[in-house]
1. Looking at region 211-219, is at least one residue under 18 Å from PRO161 (Cα atoms) and of a type in the set (Val, Ile, Thr)?
2. For region 143-168, which residues satisfy the criterion of being of a type in the set (Val, Ile, Thr) and either within 18 Å of the chain's Cα centre (by Cα) or part of a strand (DSSP E or B) (or both)?
3. Quick one: is ARG68 touching a residue at least 24 places away in the same chain (Cβ under 8 Å) and among the charged types (D, E, K, R)?
4. Would you call PHE177 more than 17 Å from PRO147 (Cα to Cα), modelled with pLDDT under 95 and among the hydrophobic types (A, V, I, L, M, F, W, C)?
5. Quick check: anything in region 229-252 within 18 Å of ARG263 (Cβ to Cβ) and surrounded by fewer than 16 Cβ atoms within 10 Å (Cβ to Cβ)?
6. Can we say GLY213 is surrounded by 14 or more Cβ atoms within 10 Å (Cβ to Cβ) and touching a strand residue (DSSP E or B) at 6+ places or on another chain (Cβ under 9 Å)?
7. With LEU206, LEU182, LEU186 as the choices, which residue is farther than 30 Å from ARG84 by Cβ, in contact (Cβ under 8 Å) with a residue 12 or more places away in the chain and touching a Phe, Trp or Tyr at 6+ places or on another chain (Cβ under 6 Å)?
8. Look at region 14-69 and say how many of its residues are of a type in the set (Phe, Trp, Tyr) and closer than 16 Å to GLN97 by Cβ.
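The values are calculated or read from the model by the stated rules, or taken from the named source; none is laboratory data. Computed from a predicted model, the values in this text were never measured in an experiment. All Cβ positions, even for glycine, are placed from backbone atoms using ideal geometry, and neighbour counts span all protein chains on display.
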Amino acid sequence: MARIVIAIPHGSIDLPPDLEPPFAPHVDPTFLRRESDAWTGEIYDVPGTSRLRYPWHRFVADPNRSERQKTEGGVVPDLDFELRRLYPVGVELTAAQRMERVKQHHRPYHALVALAVGEPGVSFFLDAHSMAEVGPPRGPDPGERRPDAVLSNLGGPDGEPIGDGTPTTCPADLTRFAASRLEHHLLTLPAPAHADDDAPEGSVWLNDPFPGGYGVQTHANVGQGVPGLQVELNQRLWLDAKSFEPLAGRVEWLNRVATAWCRDIERRLTNREWGGE
């Protein structure tokens with residue numbers, strides 16, 4: 001059994017065929033792709049890991065939101081990341097419709113992830129995402145340019161607990177190790193050349209602007225021997241900003257980065273060189 005479980009909650013652009021109420025006409029495959037973690041299924045397709053991909057678009061019922069979350073669009077959002085309506089004017093989802101989405105789509109996905117994480121031999125959890133180059137209006141950092149990657153463990157900018165009693169999902173030393181190795185692979189594994197502003201910088205921030213969402217909060221558990229991180233890769237590393245199509249060779253390059261990075265984490269865990277003992 002794989003030592004690492006990778007959940008990919010926002011990689012799909014598919015919609016259930018019986019979705020009620022339906023989205024507005026402008027919510028088409030092109031739109032849904034731009035509002036997704038496009039090509040993360042391929043990027044995080046790391047051999048030797050267990051991967052679970054949410055089968056629907058995040059706007060159906062967002063698996064990285066709590067059932068009770070009301071902020072940031074909630075578990076069943078009404079607005080996209082540019083604060084535009086997802087449904088026709090006059091169409092409002094009822095509480096019963098929102099709960100039905102949660103029951104049909106949100107809960108079954110998390111049940112599958114929990115089963116995978118509970119398998120014998122699993123010792124690390126990754127909640128794998130991508131992020132826009134610049135923070136959108138519906139986000140924690142609107143208008144701010146983001147780094148190559150963000151790793152989140154519910155801690156502070158050094159990975160240490162923030163002091164309010166919130167437990168981290170991954171020990172600080174293991175979190176900092178993961179950040180340093182991701183920086184290393186982003187810079188040392190050659191990225192296919194494109195425009196200068198598409199070159200990797202090797203910048204990996206901790207818990208800023210994302211402290212860690214529902215996925216890593218739910219499925220990582222240091223006390224039970226399964227630490228975990230949320231990882232966000234900057235879409236500028238592999239997507240053309242205008243066409244939103246992949247830059248030649250970049251998805252494959254990032255898959256090599258993710259694979260090398262996971263191998264480093266596995267070796268670290270095997271040697272038990274972290275603060276969770």
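1. yes
2. Scanning region 143-168 gives VAL150, THR168.
3. Judged against the criteria, ARG68 is not a match.
4. Against the criterion (more than 17 Å from PRO147 (Cα to Cα), modelled with pLDDT under 95 and among the hydrophobic types (A, V, I, L, M, F, W, C)), PHE177 does not qualify.
5. yes
6. Criteria met by GLY213.
7. Matching residue, one of LEU206, LEU182, LEU186: LEU182.
8. Number of matching residues: 3.
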